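The values are calculated or read from the model by the stated rules, or taken from the named source; none is laboratory data. Predicted, not measured: the structure shown is a model, and the values here were computed from it. Backbone-built Cβ (ideal geometry, glycine too); neighbour counts: all protein chains shown.
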Amino acid sequence: MKYAVKYTVVASLVSIGSALSLAYAQPVNQAALASTQIATVSVAQAKTLKDDSKVVLTGQISRSIGDEKYEFKDATGTIIVDIDDEKWNGQPVDSSVKVTLVGEVDHDRFPKKTVEIDVDEVRINR
């Protein structure tokens with residue numbers, strides 16, 4: 001009797017453990033992951049997107065405006081980008097270097113309506 005109780009308890013624990021491991025071993029929904037990827041857009045397209053839309057831009061930093069703000073350009077136009085100093089990771093960049101910026105659209109309403117990109121990551125394309 002004593003062994004039967006122990007066997008039942010152990011069998012129950014193994015059964016619960018197996019069920020839990022199966023719950024975590026379910027296949028990943030690849031379609032759901034694909035929908036969270038960030039689209040590469042042009043400057044012209046970025047200017048039309050909603051506030052906080054995630055974007056990837058490819059082009060050049062044409063000039064520094066100051067206070068961590070830069071003018072970014074691609075074939076469709078220019079836009080102001082806000083890049084924190086630490087995002088550069090010590091990488092030197094001039095207007096001839098092609099970069100990819102990952103960030104989000106930032107609509108400012110005051111003092112005037114502007115669209116900028118708040119950059120989360122800077123990639124140098126060599």
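A few points about this structure:
- From the options G66, G103, residue that is farther than 22 Å from T40 by Cα and of a type in the set (G, A, S): G66
- E86 of a type outside the set (G, A, S), assigned by TED's automatic domain parsing to the domain that holds E121 and part of a strand (DSSP E or B): no
- Enumeration of residues in region 84-115 that are over 12 Å from L57 (Cα atoms) and under 21 Å from the mean Cα position of the chain (by Cα): D84, D85, E86, K87, W88, N89, G90, Q91, D106, H107, D108, V115
- Test: residue in region 62-77 that is of a type in the set (A, V, I, L, M, F, W, C) and touching a Phe, Trp or Tyr at 6+ places or on another chain (Cβ under 7 Å): no
- Here D51 clears all of (1) under 16 Å from the mean Cα position of the chain (by Cα); (2) free of Cβ contacts under 8 Å to residues at least 40 places away in the same chain; (3) surrounded by fewer than 14 Cβ atoms within 10 Å (Cβ to Cβ) except the condition numbered (2).
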